[in-house]
Every structure is written in structure tokens, then in C-alpha cells.
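Taking it in order: structure first as C-alpha cells, then the write-up.
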Amino acid sequence: MSPKPFPPPVDHRLERLLWRRGRLSALPRGEAGGKNEYDLLVIGGGSGGLACAKEAAQFGRKVAVLDYVEPSPQGTAWGLGGTCVNVGCIPKKLMHQAALLGSALKDAQHYGWNISQPVHHTWSVMAQGVQNYVKSLNWGHRVQLQEKKVKYFNIKGSFSDPHTVRGVTKAGKEIVVTADNIVIATGGRPKYPTQVSALEYGITSDDIFWLKKSPGKTLVVGASYVSLECAGFLTGIGLDTTVMMRSVPLRGFDQQMASLVTEHMESYGTKFLKRCFPTKVEKLESNRLQVTWKNAGLDTEETDSFNTVMWAVGRAPDTKTLNLEAVGVKTNSETGKIIVDAHEATSVPHIYAVGDITEGRPELTPTAIAAGKLLAQRLFGQSSELMDYDNVPTTVFTPLEYGCVGLSEEAAVQLGVRVAPVERIFTAVSDKIFGPQNTVFTVRELVSRSAQNFSSVAAGHNGNCCLLGLKSLIGCDSFRVAAVSASYIV
Ligand SMILES: Cc1cc2nc3c(=O)[nH]c(=O)nc-3n(C[C@H](O)[C@H](O)[C@H](O)COP(=O)(O)OP(=O)(O)OC[C@H]3O[C@@H](n4cnc5c(N)ncnc54)[C@H](O)[C@@H]3O)c2cc1C
Ligand SMILES: NC(=O)c1ccc[n+]([C@@H]2O[C@H](COP(=O)([O-])OP(=O)(O)OC[C@H]3O[C@@H](n4cnc5c(N)ncnc54)[C@H](OP(=O)(O)O)[C@@H]3O)[C@@H](O)[C@H]2O)c1
């Protein structure tokens with residue numbers, strides 16, 4: 001059946017006025033007069049959406065979730081749970097762990113373990129294990145929704161009016177869902193560079209974790225979280241890996257620490273093409289991909305061939321098919337992300353948004369989960385607690401794991417704070433005995449003694465001085481980073 005035409009646009013002037021005055025959360029539940037089928041409909045079954053739906057169901061509300069995965073241009077698709085579970089944190093952390101185990105095997109001989117060197121890694125075994133685990137999580141999410149009586153529809157939702165979302169099942173059946181409150185949590189997808197024939201030849205983080213065969217010699221384009229984490233584990237499992245970086249690594253992070261991350265990666269075997277950007281990708285008869293790039297530092301054109309090219313050039317919000325304009329949900333025209341206020345309210349009352357799809361929020365799973373839960377509590381649990389997006393700690397899972405919270409030195413300086421970075425470099429006992437291996441531990445505190453006025457941006461303060469930021473690099477286990485961060489903050 002072909003979808004019905006959308007009704008004419010509704011006048012949203014009053015709703016927008018209320019939104020601007022921050023009064024959305026005061027609107028009564030069920031303003032549609034209770035004629036809608038659900039109390040809450042969540043579009044997007046990822047970190048934020050599932051957390052919000054499950055929390056709302058705890059309050060005895062009638063809740064539905066729509067989740068649909070558009071296959072990547074390479075044809076990769078996956079199940080319920082969103083980016084983190086399927087093509088993000090979880091498979092990434094497992095492959096990172098595979099790489100760390102390889103390093104541990106090399107170190108183990110110093111501790112008396114007889115392991116014949118060199119050790120070899122088999123991609124297909126790792127990939128099978130990771131993929132099976134992810135599928136078990138997909139199943140677990142479905143079971144949890146069932147247990148909590150949350151109705152799940154595997155459809156791609158699109159608004160047809162402010163209380164109605166419709167979509168078509170794989171079998172071609174049209175589903176129409178109406179709800180008093182709607183939460184958009186559709187996340188984002190990897191971007192492709194426009195200047196090269198990228199769609200055809202490259203893969204992205206949407207594909208790498210689902211490859212059945214080793215990617216072989218790999219070029220990773222981009223130099224932020226996704227690029228450096230993937231390049232780190234690819235190097236760690238023994239693949240010839242190159243990162244193409246057009247500017248700085250880990251933009252937005254403390255650049256001194258970012259340099260330590262990339263220096264360590266270079267010593268670990270990752271190659272870096274600095275100040276380079278791709279101009280052409282061609283497929284050779286051998287099926288290898290010949291990449292041509294401009295080296296802006298040397299003003300030269302260079303070329304090499306790879307088995308795989310992975311684009312890690314950022315992510316774009318997934319709003320295109322939602323038909324937001326028809327219902328009046330405002331987006332940022334540059335980023336395409338949904339504009340929300342402190343209550344996660346959009347420009348339309350009863351329509352909210354959480355997670356990566358929202359403008360100006362960190363793109364991290366714990367924040368999406370917390371925002372989703374708190375929103376459900378405010379909507380149905382008589383809570384007024386808002387999500388606090390300041391000082392969210394984060395870890396970059398490069399071979400030398402980098403955890404940080406608070407301001408980078410560059411951001412503090414931009415705010416006009418006179419900062420005093422305090423750097424402590426610890427050497428692990430194992431390094432002292434067996435020579436440098438994998439256990440460097442650097443902590444960098446960013447302190448300002450005259451920064452009482454900046455307590456709102458500070459990661460911690462004790463009256464005399466503000467701790468504006470804390471960064472630590474550790475070659476063992478990121479949980480220790482979190483523990484160190486916590487011990488400085490309290
Ligand atoms: C490689 C990688 C590694 C990462 N590692 C970490 C990490 O270590 N730690 C961390 O905190 N964060 C990490 N992240 C970020 C984290 O995955 C995201 O911040 C998080 O998943 C965002 O959750 P969300 O609910 O906003 O969206 P998502 O989890 O992306 O979920 C959105 C869901 O909505 C679905 N959808 C989209 N449009 C529609 C529609 N119209 N109808 C129905 N369904 C729709 C999507 O298919 C998807 O299933 C990583 C991301 C990547 C790419
Ligand atoms: N461990 C974690 O918690 C984790 C892990 C992965 C992802 N994430 C989340 O996911 C978000 C997205 O991460 P991301 O790494 O995909 O994106 P990102 O932070 O936006 O970085 C994009 C990178 O690609 C480069 N780039 C952009 N366009 C390019 C082009 N056309 N050609 C060459 N290089 C280009 C950028 O360089 P410039 O700096 O020069 O612009 C930058 O290095 C992050 O903000 C993070 O919140 C979190």
C-alpha cells in the first residue's frame with residue numbers, strides 16, 4: 001500500500017512561544033486529549049531511545065519504540081540496539097581488547113611465559129566472536145522490551161502530523177502509531193567525503209566490525225575518536241595501518257595529550273600521513289584501491305595502494321526521512337541536528353529529542369542513556385531533574401588509552417583563564433624492571449588559582465583553586481582512568 005498524503009501543516013506559533021519560554025515541561029501529559037494509542041513513542045532504538053522507553057514503561061505507561069537500520073552503502077545492516085551496541089562502543093572495545101591481548105602476549109615472555117613468537121591473529125575468529133556477542137545483545141534488547149511491555153516496531157518512522165508517525169514493514173504493511181509524547185532518538189551515521197569517489201570504494205565504522213575477512217592493509221582517513229581507535233586495533237592485531245590526517249589529531253582535546261597518543265601509536269607501528277587529504281581513489285585490476293592524496297606540508301601529490309580504505313571523517317544526524325519540517329521541529333541548518341532546550345524539548349511541545357541527534361550535546365552513550373532516563377522521569381515520574389552535560393568524562397580507546405574530563409588547555413585559554421598545567425608522568429613498575437613496554441601513565445591537571453568564577457566549567461574546586469580539567473593516559477585499563485579522574489574530582 002502506498003503511504004497516504006500528509007495533512008496540511010499545523011500552526012505551531014503557540015507551541016513555539018511556549019518552547020522559547022522554557023515552559024514545555026509544564027505542559028500536561030496527553031494534551032491530545034487521550035485519544036492517542038500510546039503515552040510515549042520513541043523513534044530510534046539505540047542508547048538514548050531504549051533507555052527512555054524502558055524507564056517510561058517502569059511508570060506503567062504505554063510505550064512503543066520504532067527502530068530501523070538503513071543498510072550502509074556497502075550493504076551492512078544489524079539489529080536492535082543502535083550504534084553503540086552494533087557498530088560503536090561494544091564491537092570497538094572488543095576489538096581493542098583483542099589488540100591489547102596481542103601486546104600482552106608479546107610482554108608475557110618477559111614474565112616467564114613460553115609463547116612462541118611471532119604470534120598470529122585470525123580476523124575471522126575475532127569477528128565471529130564479536131558478531132555473535134552483538135547478536136546476543138540485539139536479542140537481549142528485544143526480550144527486555146517484551147518483558148517491560150514496550151511495543152517494538154521494526155519500521156523506519158516518519159511524521160505525518162505532530163502526534164502521528166508512520167512507516168512500512170519489510171512485508172510492505174503500513175503501520176501508523178499515535179502518541180501523546182514523542183521522543184526522537186535516531187542518532188547519526190558516518191559521513192563520506194564529497195571530494196572523492198568514496199561511497200563506491202570505501203568502508204566506514206558501519207562496516208568494519210561486520211567484515212568476515214581481514215581488511216588487510218588499511219588506510220584510515222580522519223584523525224579523531226573513530227579513526228584513531230580503529231587504526232589502533234588494526235595495528236594491534238598486526239595489520240599494516242596508515243592514518244591520513246589533514247590537520248590535528250583529536251581536535252578539541254588537550255593537544256599536548258593528543259600528541260602523546262599519536263606518538264605512542266607511531267611507536268606501536270601505525271603510520272601517519274600528516275597534513276594530507278585524499279583526492280582520488282581508483283580500483284586496480286588486483287582489486288586493491290589506489291589512493292592519491294595531496295601532501296599540503298610538502299606541496300606534493302603522493303599515491304599508494306591499499307586493500308581497504310576506511311572513511312572516519314565524522315558523523316551526520318539521521319533526520320532526513322523523519323519529515324520534521326512538516327511538524328515544525330526545528331533543526332540547525334548547518335549541522336542538521338535537532339535544537340533542544342534544557343528539558344530536551346524541541347520546538348514542538350510533546351516532541352522531544354535525546355542523544356546524538358541533538359544539537360550541542362556530547363555524542364556519547366552514557367549521556368544519551370542518562371538524558372533518555374531523566375526525560376522519562378520528568379514526563380511520567382514527577383521529577384524535575386535535568387541532565388547535566390557539563391564535565392562529562394570520556395575515554396579514547398587508542399592503544400594508550402586516554403581519559404579526560406573538564407576543559408582542555410586550549411579551551412581554558414580561550415575562556416581567558418590563566419591556567420597552570422601540572423603534569424605527572426608515572427612509570428609502571430613493570431617498565432622499570434623490563435624496559436618500556438606498554439604501561440606509560442601520564443596525568444595532566446589543569447589548575448587555575450584565580451578561577452573561582454569558573455566553577456561552572458570546572459571539573460572540581462576546593463575554594464582556593466579550580467581543577468579545570470584532568471587528562472590521563474594509561475597503557476593498561478581505562479577503568480583506572482575513570483578511577484583516577486574520580487579521585488581528583490571529589
Ligand atoms: C565507532 C564508534 C565507537 C564509539 N565508541 C563509543 C564509546 O566507546 N563510548 C561512548 O560513550 N560512545 C561511543 N560512541 C558513540 C555512541 O555510539 C553514540 O553516542 C550513541 O550510540 C548515541 O546513541 P543514540 O541513542 O543517540 O543513537 P543511536 O545509538 O545511533 O541509535 C539510533 C537508532 O535509531 C535508528 N533510526 C534512525 N532513523 C530512524 C527512523 N526514522 N525510524 C526508526 N529508527 C531509526 C537507527 O538505525 C539506530 O538504531 C561510538 C560511536 C562510534 C561510531
Ligand atoms: N570512545 C568514545 O567515546 C567514542 C569513540 C568513537 C566515537 N565517539 C563519538 O563519535 C563522535 C564522532 O567521532 P568521529 O571520529 O567520527 O568524528 P569527528 O570527531 O567529527 O572527527 C572527524 C575527523 O575527520 C576529519 N575530516 C573531516 N572531514 C574530512 C575530509 N573531508 N577529509 C579528511 N578528513 C576529514 C576531521 O579533521 P579536522 O579535525 O581537520 O576537521 C577529524 O579528524 C565523537 O564526537 C564522539 O563523541 C566516541
Inset, instruction - Hey, for a label at Glu334 modelled as a point 7 Å past Cα toward Cβ, could you say which residues of region 247-283 have their backbone N under 16 Å away? - result: 252
Legend entry - Burial ranking of peptide ranges 209-219, 364-374 (average Cβ count within 10 Å, highest at the top): 364-374, 209-219
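Take Glu263, Glu334, Glu409, Glu325 and sort them by solvent-accessible surface of the protein heavy atoms, 1.4 Å probe, largest at the top.
From most exposed to least exposed: Glu334, Glu325, Glu263, Glu409.
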Inset, instruction - Post the alpha-carbon centroid distance, region 314-383 to region 168-220, in whole angstrom. - result: 19
Inset, instruction - For region 320-402, report the accessible area per residue in Å² (1.4 Å probe, heavy atoms, rounded to an integer). - result: 39
Inset, instruction - Any chance you could run the full-extension gain for Asn114 through Gln128? It's 0.36 nm times the residue separation minus the Cα-Cα distance, nm to one decimal. - result: 2.3 nm
Inset, instruction - With all protein chains present, calculate the accessible area of Cys404 using a 1.4 Å probe and round the result to the nearest 10 Å². - result: 20
Legend entry - Entries in Lys271/Lys373; Lys93/Lys173; Lys213/Lys337; Lys135/Lys173 that, when Cα-Cα distance is taken, lie over 31 Å: Lys271/Lys373; Lys93/Lys173; Lys213/Lys337
Legend entry - Residues whose placed amide H lies under 5 Å from that of Met244, excluding near-sequence neighbours: Val220, Val221, Gly222, Leu273
Inset, instruction - Could you rank Ser384, Ser136 by how accessible they are, 1.4 Å probe, largest area first? - result: Ser384, Ser136
Legend entry - Length-normalised contact order for region 125-189 - Cα pairs under 8 Å, 6+ apart - percent: 17
Inset, instruction - At 1.4 Å probe size, with every protein chain present, just tell me what the per residue accessible area of region 198-313 comes to in Å². - result: 42
Inset, instruction - Pull out a ≥ b ≥ c, the square roots of the eigenvalues of the alpha-carbon gyration tensor of region 91-231, then state rounded if a/c is under 1.5, prolate if not and a/b is larger than b/c, and oblate in the remaining case. - result: prolate
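In percent, how large is the relative contact order of region 198-313, given Cα pairs closer than 8 Å and 6 or more residues apart?
Numbers: 215 pairs, mean separation 39.4, N = 116.
Across region 198-313, relative contact order equals 34 percent.
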Legend entry - Highest average packing first - 222-235, 90-103, Cβ atoms within 10 Å: 222-235, 90-103
Legend entry - Label-point separation, Phe59 to Gln97 (7 Å along Cα→Cβ), nm: 3.5
Inset, instruction - Write down the accessible area per residue of region 124-168 in Å², having rolled a 1.4 Å probe over the full set of protein chains. - result: 52
Inset, instruction - Using a/c under 1.5 as the rounded threshold, could you call region 198-313 rounded, prolate or oblate? The axes a ≥ b ≥ c are square roots of the C-alpha gyration tensor eigenvalues, and prolate needs a/b larger than b/c, oblate otherwise. - result: oblate
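The values are calculated or read from the model by the stated rules, or taken from the named source; none is laboratory data. These numbers were taken from a predicted model, which means no experiment stands behind them. With ideal geometry, Cβ positions are generated from the backbone for all residues, glycine too; neighbour counts draw on all protein chains shown. Just so you know, the surface numbers come from the protein's heavy atoms only, side chains and all, with ligands and any DNA or RNA stripped out. Shrake-Rupley method; radii C 1.70, N 1.55, O 1.52, S 1.80 Å.
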